[in-house]
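Asker: Let me begin by handing over the structure; questions about it come next.
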Amino acid sequence: MSARTGGNGASAETGGTGLSAGAGGIGLSAGTGGASAGDPPPPGAPAPLACLEPPPPGMACVPAGWFVRGTDTGPEQARPQARVWLQTYYLDVHEVTYAEYKACVKAKQCDPKGGPAYSDFDRPKQPINGVSWFHADGYCKAQGKRLPSEAQWEKGARGPDGALHPWGDEPATCERAILKDETGRGCGVKKQGSKPDTGRPWEIGSRPPGRYGLYDMSGNSWEWVADWFTRSYAECGAECEGVDPLGPCAKDGEVARECPGKLRKIVRGGSWYWDASYATGVWRRPHFPSNQPFHHFGFRCAARADEAAALQRAAKP
């Protein structure tokens, strides 16, 4: 399978974007103190790793450091706001496309039952839709990658300083993301075939990139993440705090495929079908990993530093 291009090798993390993190109804709490992402790691954290130059094809580096996760004034399931420290990691610049997923199926490395099931969702550069969490997890592993943790996804979407969207705190509109607005779903673009007003996702990269050069972190397609869902970060407790959290039932850097008492995984980012209130960096939507009942969810992959180094070596001629 050919690798996607357009990676953005972000260098050292900066402490701000010049945007007011207090705007957009998610203001910084006293617990964060507005401290810089460049503050020293917490005790016991690994030494920050430099970004690979260049990053693996089709991926962007998110440098090590603190970021502001969650909200104290937004959705209850995203409370409380806290500072979380992440080691350097990498995210796919784009959502995984229909063509890429089907190429993995053709190579007999991915489940052929993975999406999209609706007409007009099979354009090669549309994000693959209708996959289960297991389909998404399997695809990423076949590429030598993994699904991002929820914390990794959120930092990639918001940056380090608590912005509400990939572009900052300005509202989500069809100029910035593919979502439902007054013109209709999918920014008014109708789906071919039955139920045209349900709209469809657009081809990847149809809107400007946000943080770290990442596209479509707001809108276009919901994206699966690795973690099991808890009803809030407060309920999750220590498993969602500290250094590189992975949520419940995680051990040695891996999330267990089964988690007693937990039935649902998480998708993030909103989609063409839903309005701007969902297309934020804080909204958390739970759903069963089997994707039953069926919804049109997509995904992108992540890589740890060691996985990224292996991908970079494999990409060299």
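No lab work stands behind these numbers, since they all come straight from the coordinates. Quick caveat, the model's predicted, so the values are computed rather than measured. Here the Cβ positions follow ideal geometry from the backbone for every residue, glycine too, while neighbour counts run over all protein chains shown.
Asker: Please report the relative contact order for the stretch 264-317, taking Cα pairs under 8 Å with a sequence separation of at least 6, and give it as a percent rounded to a whole number.
Answerer: On the way: 33 pairs, mean separation 16.5, N = 54.
Rounded, it is 31 percent for the stretch 264-317.
Asker: When the helices in the chain are scored as -39500 (n - 2.57) per DSSP H run of 4 or longer and the sum is shared across all residues, what 222 nm value do you end up with, to the nearest 500 deg cm²/dmol? All intermediate terms of the calculation are to be shown ahead of the outcome.
Answerer: Values: 5 runs with 43 residues, N = 317.
Value at 222 nm, helices only, nearest 500: -4000 deg cm²/dmol.
Asker: What is the percent of Cα-Cα separations in the stretch 88-165 that go past 15 Å?
Answerer: Values: 1768 of 3003 pairs.
Value for the stretch 88-165: 59 percent of Cα pairs lie more than 15 Å apart.
Asker: Can you pull the percent of Cα pairs in the stretch 128-171 with separation above 13 Å? Kindly include the intermediate steps, with their values, before the conclusion.
Answerer: Numbers: 604 of 946 pairs.
Percentage above 13 Å: 64.
Asker: Next question, about the same structure. State the volume of the convex hull built on the alpha-carbon positions of the stretch 177-317, expressed per residue in Å³ and rounded to an integer.
Answerer: On the way: hull volume 22.7 nm³, N = 141.
So the per-residue Cα hull volume is 161 Å³.
Asker: Let me know the charge dipole size of the stretch 31-155 about its Cα centre in debye, to the nearest 20, where only the beta-carbon of Lys, Arg (+1) and Asp, Glu (-1) is charged. Don't skip to the answer; put the middle values down first.
Answerer: Numbers: 13 positive and 13 negative charges, 73 e Å.
The calculation lands at about 360 debye.
Asker: How large is the dipole of the stretch 172-252 about the Cα centre if only Lys and Arg carry +1 and Asp and Glu carry -1, each at its Cβ, rounded to the nearest 20 debye?
Answerer: Details: 11 positive and 13 negative charges, 116 e Å.
The dipole magnitude comes to about 560 debye.
Asker: What's the Cα-based Rg to Rh of the stretch 52-208, Rh via Kirkwood? Walk me through the numbers before you get to the answer.
Answerer: Numbers: Rg = 17.3 Å, Rh = 17.6 Å.
Expressed as Rg/Rh, it is 0.99.
Asker: With only alpha-carbon pairs counted, each pair once and no self-pairs, how large is the Kirkwood hydrodynamic radius of the stretch 28-144 in angstroms?
Answerer: Numbers: mean 1/r = 0.0580 Å⁻¹.
With all distinct Cα pairs of the stretch 28-144 included, I get 17.2 Å.
Asker: Next question. Apply the Karplus curve 6.51 cos²θ - 1.76 cosθ + 1.60, θ = phi - 60°, to the phi angles in the stretch 129-145 and return the couplings in whole Hz, x for Gly and Pro.
Answerer: Rounded to whole hertz, the list is 10, x, 8, 7, 4, 5, 4, 5, 4, x, 4, 4, 5, 5, 8, x, 10.
Asker: For a quick check: with amide H placed at 1.01 Å from N, whose amide H comes under 5 Å from residue 285's, ignoring anything fewer than 5 positions away on the same chain?
Answerer: 267
Asker: Amide H of residue 90: which non-local residues (sequence gap of 5 or more, or other chain) have their own amide H closer than 5 Å, using H built in the peptide plane?
Answerer: Result for residue 90 returns 62, 303.
Asker: Which far-off residues, 5 or more places away or on another chain, put their amide H under 5 Å from the one on residue 176, with H placed in the peptide plane?
Answerer: none
Asker: State, to one decimal in nm², a quarter of the convex hull surface area for the C-alpha atoms of the stretch 210-288, i.e. the direction-averaged projected area. Mind showing how you got there, number by number?
Answerer: Working: hull surface 24.3 nm².
Result: a mean projected hull area of 6.1 nm².
Asker: Using the Karplus curve 6.51 cos²θ - 1.76 cosθ + 1.60 with θ = phi - 60°, work out ³J(HN,Hα) for each residue of the stretch 65-75 in order, rounded to whole Hz, and write x for Gly and Pro.
Answerer: Those phi angles translate into x, 6, 8, 8, 10, x, 8, 9, 10, x, x Hz.
Asker: Give, rounded to the nearest 20 debye, the magnitude of the charge dipole that the chain has about its Cα centre when Lys and Arg contribute +1 at Cβ and Asp and Glu contribute -1 at Cβ. List each step's numbers first, then the result.
Answerer: Details: 37 positive and 35 negative charges, 206 e Å.
With only Lys, Arg, Asp and Glu charged at Cβ, the dipole is about 980 debye.
Asker: Calculate one ³J(HN,Hα) per residue across the stretch 103-120 by plugging θ = phi - 60° into the Karplus curve 6.51 cos²θ - 1.76 cosθ + 1.60, and present them in order as whole Hz with x for glycine and proline.
Answerer: 5, 5, 4, 4, 7, 6, 10, 10, 6, x, 7, x, x, x, 6, 10, 5, 6
Asker: Where the Cα atoms of the stretch 64-126 are projected onto their three principal axes, how long is each span, largest first, in whole Å?
Answerer: Each principal axis gives a Cα extent; for the stretch 64-126 these are 43, 27, 19 Å.
Asker: Turning to a different aspect of this structure: Remind me, relative contact order of the chain in percent, using alpha carbon pairs under 8 angstrom and six or more residues apart?
Answerer: Values: 782 pairs, mean separation 72.4, N = 317.
RCO, the chain: 23 percent.
Asker: State log₁₀ I(q)/I(0) for the chain at q = 0.08, 0.10, 0.11 Å⁻¹ as given by the Debye formula over alpha-carbon point scatterers of equal weight, solvent excluded.
Answerer: Taking Cα atoms of the chain as identical point scatterers yields -0.32, -0.50, -0.62.
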